Amino acid sequence: MEHLTVLTRGLASLGTGDRTMVAPSDVDQGARNDCFLMAAMASIAHQHPDPDAWLRGLVKANPRGSYTVRFRDGKNVTVYPTFGRGHAVSDDPNEVWPALIEKAYGMAYGDNRKAEQHALAQGGITGVAMEKLTGHPSQYIPPDKLTWDDLAAYQAQGQAITVATYHDPTQGRDKRGVANNHPAYKSNLYGEKLNQWHMYYVDR
């Protein structure tokens, strides 16, 4: 029997230290292969001038407990706040917007022949997710074509920025098969390992 988590609290709430109800700290990837979508949502929440207004324009609450997610390519998907194993969560149990968007995105663009938790099992492209969530075009820039000054300028302009890590087969993998042993992946500014084949949003 499929396990379902039912969350009936608010769409978003003001967390401790947050200036807006919608914040990047709300987005926490579960067990699904959709870091591309999580990074897109967190980056938009971080850089949008009014992330609360962005969410209000994207997600509409319906009278009987369902929500309609209105993607910017014209697709509208209505979902209920019931989620299978491994769904996205928030740092605040009172809000469900990341999981709702994840569920609707899987229904709209994933493999609907599979169970809900596997709808995004094939992953996806962050730039495409950005476009569907905002209606604005995205751009891919190879790392060797981007300087730190360029990155700072994009950040100052309010651009939502994500970065990807890849696997270097010459460096091997750790025991879990997720952290590449390449020196550049061993730690970041927070002393954490970077996972290979993963998407991150840029916050500073």
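The values are calculated or read from the model by the stated rules, or taken from the named source; none is laboratory data. Remember, predicted model here, so these are calculated numbers, not experimental data. Because the Cβ atoms are built from the backbone with ideal geometry, glycine has one as well, and the counts that use them run over all protein chains shown. For the accessible areas, the whole protein counts, side chains as well, though only heavy atoms, and no ligand, DNA or RNA atoms are used. Shrake-Rupley method; radii C 1.70, N 1.55, O 1.52, S 1.80 Å.
A few comments on the model shown:
- Between amide H atoms placed 1.01 Å from N, distances below 5 Å from ALA88 occur with GLY30, all of them 5 or more places distant or on a separate chain.
- Based on protein heavy atoms only, segment 35-141 ends up with 46 Å² per residue of surface accessible to a 1.4 Å probe.
- Phi-based couplings in Hz for segment 72-77 (Karplus 6.51, -1.76, 1.60; Gly and Pro marked x): 7, 8, x, 7, 10, 10
- Protein accessible area in segment 14-56, 1.4 Å probe - carbon and sulfur %: 50
- Burial order of peptide ranges 64-70, 32-38, 76-82 (average beta-carbon count within 10 Å, highest first): 32-38, 76-82, 64-70
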